[in-house]
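Here, each number is a calculation from the coordinates, and none is a lab measurement. Just so you know, these numbers come straight off a predicted model, no measurement behind them. Reconstructed Cβ throughout: ideal geometry from the backbone, glycine too, with neighbour counts over all protein chains shown.
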Amino acid sequence: MNKPLPTFGRYLKRKFKSRVQKLPVGLSGFTCPNIDGTVAKGGCTFCSNESFSPNLAQNAKITLNLTSKKNPLLEQQLHELDTQIKQTQIAFKKRGIKKFLVYFQSFTNTYAPFSTLKILYEKALSYPDVVGLSIGTRSDSVCDEVYDYLAELSKTKEIWIEFGVQSIFDETLKKINRGHNAANAKEAILKAKAKGLNVCAHLIFGLPDETKEMMLQTAKEVYSWGIDSVKYHPLYVVKNTMLAKDLKSGKFTPISKEEYADVLKEAIKIKPEHIIIQRITAGIDDDTLLAPDWCGWSKNKMMAFLNKELNS
Ligand code: SF4
């Protein structure tokens, strides 16, 4: 595998003739139907949104959902958006990066009244040098109005929607308390594609009781749904999650770095060329990580290891 991977960075650079940096934002008031009790409570067994958005979790006294009539947090959200975009733009501009894609990352970013989403997305697009948006969400949380609106925006802006698919095996999705099945994920992706949106699917390798064959079956099946891009993640365990209990009791064994590299290599090998890779791994560099330890490695060390394995 010595050919350069078709990465998102390369795709954006080709399209915008300049490096484009994703700017992650997380706003107060957003939650997830798998946390607030609409679909389930407690969230996915591996999810601790505190691990990537501690301030949001502490401020979560008011949360929005699809039926919220009023949004008392709008001013605060606009202020947070402004601060986060400006601060990160300044930091990246110092490194010579001139164009940006605002990434609504934390929780479920279509799970709020349409009027709120419209204001926030349009505000994000109004900043100089912002070429588009990437919106992370769940397949059960996008209404037709939002699909149509994003489709309209995508006529002039770079618009991506990111769905956590994780696995095509419903028994696995149940084990991780995902709150939707594989058919729901497929339906949402097909719908987004029919509306002309760019779709990124997130896959997790190392889910409870999954074999390498199952992980590759998931990859192969999801590639066939017409996705434009993929993110591969290893499942890692952080404190204060259901998965942490399973780890402690011995019910869950994390994927080793060698197993992960092996399945990743195969998954990339069977991937159609046109599907862009947005991530080949993920990790967390703080003391909330419980296992596997290699998910706490620095980005450079992790990428050096995976690149060596992918090219071996
Ligand atoms: S869908 Fe995302 S935010 Fe919601 S519980 Fe699962 S991992 Fe957490």
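Observations
- Proximal lysines relative to Lys61, as straight alpha-carbon distance under 17 Å, when same-chain residues fewer than 8 apart are discounted: Lys41, Lys69, Lys70
- Karplus (6.51, -1.76, 1.60) ³J(HN,Hα), θ = phi - 60°, over segment 191-204, in Hz, Gly and Pro reported as x: 5, 4, 5, 4, 7, x, 7, 7, 10, 10, 9, 9, 10, 10
- Inter-label distance, Lys308 to Lys3: 2.6 nm, where each label sits 7 Å from its Cα along the C-beta direction.
- Subset of Lys17/Lys257; Lys157/Lys193; Lys22/Lys94 violating a 25 Å alpha-carbon distance limit: Lys17/Lys257
- Counting charges near Val130 (Lys, Arg +1; Asp, Glu -1) among other residues having Cβ under 9 Å from its Cβ returns a value of +1.
- Share, in percent, of DSSP beta bridges within the chain that are antiparallel, nearest 5: 10 percent
- Candidate cross-link partners of Lys13 among the aspartates and glutamates, defined by an alpha-carbon separation under 13 Å and a same-chain spacing of 8 or more, comprise Glu158.
- Extension gain for Lys265 to Thr211 (0.36 nm times residue separation, less C-alpha to C-alpha distance): 17.9 nm.
- Taken over segment 132-225, the percentage of Cα pairs per 5 Å bin, counting from 0 up to the bin with the maximum distance, is 3, 14, 25, 23, 16, 11, 6, 3, 0.
- Residue among Leu290, His274, Phe169 farthest towards the positive dipole end of the chain, charges placed on Cβ: His274
- Stokes-Einstein translational diffusion, the chain - Kirkwood Rh over all Cα pairs, 1.002 mPa s, 20 °C, in µm²/s: 107 µm²/s
- Partner aspartates and glutamates for Lys269 [C-alpha distance under 15 Å; skip if fewer than 8 residues away on the same chain]: Glu213, Glu221, Glu309
- Dipole in debye (nearest 20) - the chain, about Cα centre, beta carbon charges: Lys, Arg +1; Asp, Glu -1: 1120 debye
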